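Participant: Have a look at this one.
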Amino acid sequence: MNDQQTGWLFVAVQILLLGGVLFLPGSDDWNNSGALELISWFLRVAGLIILVAGVFGLGASLTPTPVPVDTGELKTGGLYGLMRHPIYTGVILIVAASAITSGSFVRAFIAILTVVFFNIKARWEEVRLTRRYPEYPAYASVVPRFIPRP
């Protein structure tokens, strides 16, 4: 399987995981108190802002798969100066918010799988980014993958 095929496989798995955490029925495995609703709302809004900023920050380097665009350039400024994968971070925050408000252990488990999946996907992508951009390892050594350092 070549990189493009593997990249599209990552996209397919991502769609399945996101579909599970976002669209499976909720439950009442735990009580959604006002505090949980507030935390979920904050995570959802923050995730959406980070995701959209990440998309716009990539510009012409944006691709639907984790394979770098041949004509793209390494983005290290703006949000990409704080975290290497802000789009993934945004999706993870939205997934966490959805799992919290679902009240469902099943959806929470799928959310955890989604976080693990994005870590695997990011690591796979970073190998390709290193091949495409010789300066990527130096960038990766100072900028965290998902969560900015204080």
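Just so you know, all these numbers are worked out from the coordinates, no wet-lab data involved. Please read these numbers as outputs of a predicted model, since none were measured by experiment. As a convention, Cβ positions derive from the backbone with ideal geometry for all residues, glycine included, and neighbour counts pool all protein chains shown.
Participant: Compute the signed sum of charges (Lys and Arg +1, Asp and Glu -1) over the other residues within less than 12 Å, Cβ to Cβ, of Val115.
Facilitator: Residues close to Val115 contribute a combined charge of +2.
Participant: Going by how many other Cβ atoms sit within 10 Å of their own, how do Tyr88, Tyr136 line up, fewest first?
Facilitator: Least to most surrounded, the residues fall as Tyr136, Tyr88.
Participant: With Rg and the Kirkwood Rh both taken from Cα atoms, where does Rg over Rh land for segment 12-150?
Facilitator: 1.01
Participant: Do the sum for the chain: with -39,500 (n - 2.57) for every DSSP H run of n ≥ 4, divided by all residues, what is the mean residue ellipticity at 222 nm, to the nearest 500 deg cm²/dmol?
Facilitator: Helix-only estimate at 222 nm: -22500 deg cm²/dmol.
Participant: May I ask for the angle, rounded to the nearest 10°, between helix 34-58 and the longest principal axis of the chain, with both axes built from Cα atoms and the value confined to 0 to 90°?
Facilitator: Rounded to the nearest ten degrees, it is 20.
Participant: I've got another one for you. So if I place +1 on the C-beta of Lys and Arg and -1 on the C-beta of Asp and Glu, and nothing else carries charge, what would the dipole magnitude of the chain be about its Cα centre? I want it in debye, nearest 20.
Facilitator: Here the chain has a charge dipole of around 260 debye.
Participant: Using θ = phi - 60° and the Karplus relation 6.51 cos²θ - 1.76 cosθ + 1.60, list the HN-Hα couplings for segment 65-75 in order, rounded to whole Hz, with x at every Gly or Pro.
Facilitator: In residue order, the calculated couplings are 10, x, 9, x, 6, 4, 9, x, 9, 5, 9 Hz.
Participant: Using the Cβ atoms and a cut-off under 13 Å, what net charge is assigned to the surroundings of Arg132, where Lys and Arg are +1 and Asp and Glu are -1?
Facilitator: Summing Lys and Arg as +1 and Asp and Glu as -1 gives -3.
Participant: Counting other C-beta atoms within 10 Å, which of Arg131, Arg107 has the fewest, and how do the rest follow?
Facilitator: Sorted ascending by nearby Cβ count, the order is Arg131, Arg107.
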